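One structure below.
Values quoted throughout were computed directly from the atomic coordinates according to the rules given, and no laboratory measurement underlies them. Everything numeric in this text was worked out from a predicted model, so none of it was measured. So basically every Cβ, Gly included, is an ideal-geometry build from the backbone, and we count neighbours across all protein chains shown.
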Amino acid sequence: MYMLKLLTLLADGNFHSGNELGVAAGISRAAVWKRLQGATAEFGLELQSVPGKGYRLSHPLSLINLNALQANFPYLPIFAYDSISSTNEYAKKMLATQPAPLAIFAEHQTLGRGRRGRKWNSPYAQNLYLSYAWPVTRGMAQIDGLSLVAGLAVVRAVEQVVGTTAQLKWPNDVLINNAKVAGILLELVGDPADLCSVVIGIGVNLNMTSTNQAIDQEWTSLALETGKQVDRTQFAQSVLESLDVYLEKQKNYGFSSLKNEWLSVHGWQGREVVLSVGNELVQGRITGLGDKGEICLLVDGQERLFIGGELSLRLHDDP
Ligand code: ATP
Ligand code: BTN
C-alpha cells in the first residue's frame, strides 16, 4: 500500500522531497528511500534522486484512479490493486465470497496469463489489466460468442479513446495493422447447471513501447500507433461502458444480434487459414461466423462451423 501511495504522488513526473513523501505515506524518509529502491527494481521504473530536490520518475505514470472510476459506476463494485498475480485469479477467488458483477484492475501482474497457460506481458502502469466478472443468469446461451463480444467492446473503446479502428481475429485477439494490441481470456466459475459467472480477462496494450520479456509475435500498443500517451483511467472507463452495452445486448438478443457488427471489423474475412483443433489441422477459407460465434470455414468446397475455447487460427501463408 505504501508503494502505491508513493508512486501515486510521483506519477506526475515532478520532484517530491523525501519529507513530503514520508509525511503523505506515514513512513520515515529512510523508509521512503528503501521502498522506492524496491519499487524501481521490481517494476523497472527509472527514478532520479537529486539532493535538495528529492525524487522524481523519469517518465510520468498514468495510474488507475479508482475513486474517479467508481464514481461513474455506482452499481458496480470495482477493485484496483497495485501488483498482483493475475486479475483473473483474483476475480475467481473473490467470486467465492462476493457475487458478480465486479471489476478488478491491476497496475501490474506478476503472472498475467493468456490462453493455454501462455504468459501475458504485464509491465507496471503501462497497459490495461482488467477482469470483469459477469453473472450468467439466462443459461448457457448467454456465453455464446462471449470472447467475440468482449473483443468488440475493446474495439469500440479504442475507437472512442484514440480514434483508431482495430480489427478482430477470431476468437480472442484484437489487432492493429496485424499486430496484437489486446487479448481476451474467458474463465467460467461455478456450476453451469446452477449459479455461475464468467470472468472476462482483458489485456490492452496502452502505453507499452518496449518489453523486458520478449513477446513471440508481432505486437503493438495505442501509444506506438498514435505517438500519444493514453490516460489509463479514461480507457478503463470507456471499456467498462462499452462492455456494459455489448454484454447486455448479447444477454438480451443473443450473439446473432452482434454478428454483423463483429464481421464489420473482422481482420481475416476471406483469408486462407489453418485452424488447429486439438491435434488436427484444418485448412480452409474464412467465410464468416455462425449465430453462436463459431468460425465458418470453406473446407474442400463445404462450409464447416468450428467452436471452442482452445482453437487457434494461423494464416495459411505464415511460416
Ligand atoms: P491464438 O489466440 O491464435 O491461440 P496467440 O498466439 O495470440 O494465438 P494467446 O494465448 O491468445 O495466443 O495469447 C498469448 C500470446 O500473446 C503469448 O504467447 C504471446 O505471444 C502474446 N503476448 C503476451 N503478452 C502480450 C502483450 N502484452 N501484448 C501482445 N501480445 C502478447
Ligand atoms: C490472450 O490473448 O491469450 C489473452 C490475454 C489476456 C490477458 C488478460 S490481462 C487481464 C487478465 N488477467 C490475466 O492473467 N489475463 C487476462
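Odds and ends about this structure:
- Among VAL155, VAL199, VAL265, residue whose mean-square fluctuation peaks in a GNM of the chain (springs only between Cα atoms under 10 Å): VAL265
- Computed on the Cα atoms alone, the convex hull of segment 2-57 gives a volume of 65 cubic angstrom per residue.
- Tail fraction, Cα-Cα pairs, segment 272-315, threshold 13 Å, whole percent: 48
- Spin-label zone in segment 53-77 - amide nitrogen under 19 Å from a point set 7 Å from the Cα of THR97 along the C-beta vector: 77
- Segment 78-176 has equivalent-ellipsoid semi-axes of 21, 20, 13 Å, by the square roots of 5 times the alpha carbon gyration tensor eigenvalues, sorted largest first.
- Of the DSSP H helices in the chain, those with a Cα length along their own long axis of 20 Å or more and a mean Kyte-Doolittle hydropathy reaching 0.5 comprise 146-162.
- Span from the segment 25-59 Cα centroid across to the segment 221-247 one, whole angstrom: 29
- For segment 22-130, alpha-carbon Rg over 2.2 N^0.38 Å: 1.27
- Taken over the Cα atoms of the chain, the convex hull encloses 140 Å³ per residue.
- Bridges between two residues of segment 48-166, per DSSP, are antiparallel at a rate of about 55%.
- Label-reachable residues, segment 34-72, where backbone N falls under 12 Å from a point 7 Å from SER210's Cα toward its Cβ: 46
- Distance between the pseudo-spin-label points of ASN72 and GLU261 (7 Å out from Cα toward the beta carbon): 1.8 nm.
- Using Cβ point charges alone (K and R +1, D and E -1), the dipole size of segment 12-82 about the Cα centre works out to roughly 220 debye.
- At 1.002 mPa s and 20 °C, Stokes D of segment 172-319 from Kirkwood alpha-carbon radius, µm² per second: 122
- Point-charge dipole on Cβ atoms (K/R +1, D/E -1) for the chain, about Cα centre, debye to 20: 740
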